[in-house]
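The values are calculated or read from the model by the stated rules, or taken from the named source; none is laboratory data. Because the structure is a prediction, the values reported are computed rather than measured. Glycine also receives a Cβ, built like all others from the backbone with ideal geometry; neighbour counts cover every protein chain displayed.
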Amino acid sequence: MERCLELEQAYAIADKNGKTVGAELGRIGYKGDLAASARPLKAAFEVHIEQGPILEQQDLQIGVLSGIQGLRWYDLVIDGEACHAGPTPMESRRDPFMAAAPIIAGCYELAARYAPWGRATFGDIRAEPGSRNTVPERLIVNVDLRHPDAEILDQMDAAFRELVARECQQRELGFQVNETWHMPVTTFDPQCVGAVKSATDNLGYTSMEMVSGAGHDSLYIATVAPTSMIFVPCENGISHNEIENAKPEDLEAGCNVLLHAMLEIDSNEDLK
């Protein structure tokens, strides 16, 4: 599954309670009836909190974004055999967790191999039938792999698939690797990135060049117009949370960089 979804696909996505995006947008009056269509853009800039701890840890005020890292999402399904937790000897079991444990450890090793930007996350694990005293017959693991280099992300994908096959086959377990989403690496426009860097330097803010670890609106805008982003630090890297916090002076710095970058690009006759 690639970067973009068809409208009906997006509307049909459901949460664990069965509520779909389309139904919930309709319920709150945000579904809308205006079709998405291209509009003329000379360039686009987005200023955002980092949603991570790097700028804060390095005591820097501005992140100059060169792009957004790619990601691959998978539903890993491992099939075994249900049995009672007490009477069944460990060596007799076909337990999906016996493969899941080395697979998870192997993914963390992959992220470390491709440090500092490699990422491996397991945000949700579901055992079926889901009984405390029963070895599950099926395990479904959500896997999230990320890296800003497309070639390395492809290498991580191949290594992950090989890891799953090896660990499951050794234990005579069935398996499926279902890739549910592939967000390709996004590289921002060099002139827009340069305008952000120039504005940051001229204003005297401390900064570093970095990639975004999360997806943003700019990921999609970059497919139709020259684009870049500006990050400001947020406390402890926390976002999408009631305790999300950024210092007023950092927000002001981000807005100042945004303004000056826009003015520079506006005066650039090479961008029409």
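Restricting 254, 204 to residues that are surrounded by fewer than 17 Cβ atoms within 10 Å (Cβ to Cβ), assigned by TED's automatic domain parsing to the domain that holds residue 50, over 19 Å from the mean Cα position of the chain (by Cα) and over 30 Å from residue 76 (Cα atoms) narrows the list to 204. The residue list 193, 177, 135, 143 contains one member that is touching a Phe, Trp or Tyr at 6+ places or on another chain (Cβ under 7 Å) and either of a type in the set (Phe, Trp, Tyr) or buried (at least 19 other Cβ atoms within 10 Å of the Cβ) (or both), which is 143. Of the residues making up region 123-132, just one is more than 29 Å from the chain's Cα centre (by Cα) and either surrounded by 12 or more Cβ atoms within 10 Å (Cβ to Cβ) or outside the structural domain of residue 101 (by TED's automatic domain parsing) (or both), namely 131. Would you be able to say whether some residue in region 55-65 is in contact with a Cys (Cβ under 9 Å, 6 or more places away or on another chain), part of a loop (DSSP other than H, G, I, E, B) and on the phi > 0 side of the Ramachandran plot? There is no residue in region 55-65 that is in contact with a Cys (Cβ under 9 Å, 6 or more places away or on another chain), part of a loop (DSSP other than H, G, I, E, B) and on the phi > 0 side of the Ramachandran plot.
For every residue, the table says whether it meets (1) of a type in the set (Gly, Ala, Ser); (2) outside the structural domain of residue 176 (by TED's automatic domain parsing); (3) under 25 Å from the mean Cα position of the chain (by Cα).
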position	(1), (2), (3)
9	no, yes, yes
18	yes, yes, yes
31	no, yes, yes
50	no, yes, yes
76	no, no, yes
118	yes, no, yes
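Looking only at residues of region 113-139 that are in contact (Cβ under 8 Å) with a residue 40 or more places away in the chain and in contact with a helix residue (DSSP H, G or I) (Cβ under 9 Å, 6 or more places away or on another chain), we find that the one that is nearest to residue 81 (Cα to Cα) is 137. In summary, helices (runs of 4 or more DSSP H) completely within region 187-272 and bearing 3 or more residues that are of a type in the set (S, T, N, Q) occur at 190-203. Candidates 64, 47: the one that is closer than 27 Å to residue 183 by Cα and out of contact with any Leu (no Cβ under 9 Å at 6 or more places or on another chain) is 64. The criterion of being assigned by TED's automatic domain parsing to the domain that holds residue 59 and of a type outside the set (Ser, Thr, Tyr) does not hold for residue 172. One residue stands out among those in region 10-54 that are surrounded by 13 or more Cβ atoms within 10 Å (Cβ to Cβ), among the small types (Gly, Ala, Ser) and part of a loop (DSSP other than H, G, I, E, B): the one that is modelled with the highest pLDDT, which is 43.
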